[in-house]
Amino acid sequence: MYIRKIAAAAGFACGAALAFAPLAQADLSDVVDSTLSNEINSQNSLFEVYATLAGADTTPASAADPYVSLTNLSTDAPHLVAGTATYGEVTPLETYLYGANPILAGISTDSGPYNEFNGASTELYNAYNVLAFAAANGGNLDTNVGDYLGSATTIGNAVSGDDATVSSAYQYFLNFGLGDLKGYDAIFAPNATGVGDILPTQANEIVQLNNLFELDGKLANVFGDIIPNTAPGTNVGFDTIDPSNLNATFDQLVFGAASPSTDPGSYDVFNGALTEFFNADNVGLFALLNGGDLMPAADVFGSVPADYATEGVSAAITGFLQAGFADIAGFFVPAM
């Protein structure tokens, strides 16, 4: 994940360097056209790198379409709507474009350079374009939809209306881009409902468990058999797999020396130890944010200990830690 973030930062820094050039070199009337051209060229260059790595053919940009396109869209990026593909069907190019979990991130109906970093590059360029135009035009907001990249609807939401300002349009595009980056890194946490709400933290923990489970599936050649979370909206659930699709390699990667579960899922990685450690951490976090209260049993990952409701925070944390250490011992030592 850190590699992805570094790569994203490098890509945006390169694009920004190209985009800033027109401010110094062009007449004010040329700022918009020159900036958009440089931004599209930057996206095209990165897209061609992705296509080369994925073994995909591209069609050059033209006067009618300034973007490089896929010659064989139906082969190299065929999945038109998020969720229509299984994990084993997602192509390498779609992974390059949409990140760690293309299905949950949402695969475009027409994948292209504008989808890089799950679309974040387009939105962050637009945020810059708001400021570039304002700097060259007395602080005014550019309300011409054609002076931006991407969806006309999205652009219109940002720059139209009596209450649209340079600041609000910039913030709109920036927030949109940061949201796309979260999708690129497979961070699908719901918004907190209050100061003491730990559901966003737990959602990110589930994503981490899912990513590890999917990695084990790839290494064991059962990735296509993994059943992804299908929770609606931004809710996040655990990945699972039918027990009949397990193999010895997958069992060893997920459960180690222990016997496999009859209901295997991402909550079982490292023989379930990570799930228990997350439970211990979540109990402590909930107590810290909620005046020392015990986290509700409904928020516990997995089975709830029989005496959970009657024991205190400290005892609950200790119990989950002990369970986690027992699980990790079982991962390495058959007798455990």
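The values are calculated or read from the model by the stated rules, or taken from the named source; none is laboratory data. A quick note: this is a predicted structure, and the numbers were derived from the prediction, not measured. All Cβ positions, even for glycine, are placed from backbone atoms using ideal geometry, and neighbour counts span all protein chains on display.
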What's the number of the condition Gly183 fails, among (1) free of Cβ contacts under 8 Å to residues at least 60 places away in the same chain; (2) assigned to a helix (DSSP H, G or I)?
-> (1)
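Every residue, every condition in (1) of a type in the set (S, T, N, Q); (2) touching a Cys at 6+ places or on another chain (Cβ under 7 Å); (3) not assigned by TED's automatic domain parsing to the domain that holds Gly265, yes or no:
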site	(1), (2), (3)
Asp142	no, no, yes
Gly146	no, no, yes
Ser168	yes, no, yes
Ala192	no, no, yes
Val207	no, no, no
Pairs with Cβ under 9 Å, 6+ apart, first in segment 290-317 and under 20 Å from Pro200 (Cβ atoms), second among the hydroxyl-bearing types (Ser, Thr, Tyr) | Leu294/Tyr308; Ala297/Tyr308; Val300/Tyr308; Phe301/Tyr267; Phe301/Thr275; Gly302/Tyr267; Gly302/Thr275
Out of (1) acidic (Asp, Glu); (2) modelled with pLDDT of 95 or more; (3) farther than 22 Å from Ile198 by Cα, what's the single condition that is false for Asp268?
-> (3)
Please find, within segment 94-143, the residue that is surrounded by the most Cβ atoms within 10 Å (Cβ to Cβ) out of those that are without any contact (Cβ under 8 Å) to a residue 40 or more places away in the chain and closer than 30 Å to Leu212 by Cβ.
-> Pro102
Restricting attention to segment 263-320, report how many residues are part of a loop (DSSP other than H, G, I, E, B) and acidic (Asp, Glu).
-> 4
Could you look through segment 223-265, keep only residues that are of a type in the set (A, V, I, L, M), surrounded by fewer than 20 Cβ atoms within 10 Å (Cβ to Cβ) and modelled with pLDDT under 90, and pick out the one that is farthest from Leu104 (Cα to Cα)?
-> Ile227
For segment 154-195, the count of residues that are within 17 Å of Ala127 (Cβ to Cβ) and among the hydrophobic types (A, V, I, L, M, F, W, C) equals 11
